[in-house]
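Down below is the structure, laid out as structure tokens.
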Amino acid sequence: AGMRESLGLFAESLLVADDMRGFEDDMRRRYAALFGHAVRGACPLYEQEYGPGEIVQQASELADIAGFYQAFGLEPSKAAMERIDHVSVECEFMSVLCAKEAFGLQSENTELSDTSNDGQRAFLRDHLARWLPAFCSRVSKADSDGPYARAAALASAFMEAECRRFGITAGP
């Protein structure tokens, strides 16, 4: 499904909730079943769970992610309760790069816009595009036609569009 269709299906899954309490309970139940409360649930939320299991390789990958964040003036909060390879953290980093690029374009700061665009391409190629397709596939299969499957379909469609835009081949 394309991005427009995926967005429509995702929005539809949120709008059909007549009983908000029942909807919230269902979302909590689905979340626990899909992602659990441990690192290695049915659909791990962490990049490192989709790559080689060797501790040295994982440490190197985490250092690379941290290096990206630091290169753009970001660092995890000391009070952060989440690992830096969590899907939400990596996506938030990409949103910061997009905002920096937009600011650079608006202020005619080509160095900032070019650097931010290059950072998006590199982070997508080296991280998100390598593992997010597998994550989205797992969520889609595990949640069937539920709201998380629809969110995963939207994320997958968006990832495909971004990979096309940057000329990157996504991982399996």
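Readers should treat all values here as calculations from the given coordinates under stated rules, not as data from a laboratory. Nothing here was measured: the structure is a model prediction, and the numbers come from that model. Reconstructed Cβ throughout: ideal geometry from the backbone, glycine too, with neighbour counts over all protein chains shown.
On a 0 to 90 degree scale, rounded to 10, what angle separates helix 3-15 from the longest Cα axis of the chain? Once rounded, one gets 50 degrees.
The alpha carbons of the chain occupy a box of 49, 40, 33 Å along the principal axes, longest dimension given first. Here the gap between Ser95 and Ala59, fully extended at 0.36 nm per residue and compared with their Cα-Cα distance, gives a gain of 10.5 nm. The charge dipole of the chain, taken about its Cα centre with unit charges on the Cβ of Lys, Arg, Asp and Glu (plus for the first two, minus for the last two), comes to roughly 340 debye.
In the chain, the longest principal axis of the Cα atoms and the axis of helix 147-166 are about 30 degrees apart. The longest part of the chain holding none of the exposed loop GluC sites (Glu not before Pro), meaning those outside H, G, I, E and B in DSSP with at most 10 other Cβ atoms within 10 Å, is 109-172. Working from label points 7 Å from Cα in the Cα-to-Cβ sense, the Leu105 to Arg164 distance is 1.8 nm.
Taking label positions 7 Å along the Cα-Cβ direction at both Phe23 and Glu82, the computed distance is 2.2 nm, reported to one decimal.
Relative to the dominant Cα principal axis of the chain, helix 55-71 is inclined by about 70°. Extending 7 Å from Cα along the Cβ direction at Tyr31 and again at Lys141 yields two label points whose distance is 2.5 nm. Residue by residue, segment 139-144 carries 3J(HN,Hα) couplings of 5, 4, 5, 6, 9, 6 Hz when phi is fed to the Karplus relation 6.51 cos²θ - 1.76 cosθ + 1.60 (θ = phi - 60°); x denotes Gly or Pro. The shape of segment 30-111 can be summarised by an equivalent ellipsoid whose semi-axes, obtained from the alpha carbon gyration tensor, come to 29, 16, 11 Å from longest to shortest.
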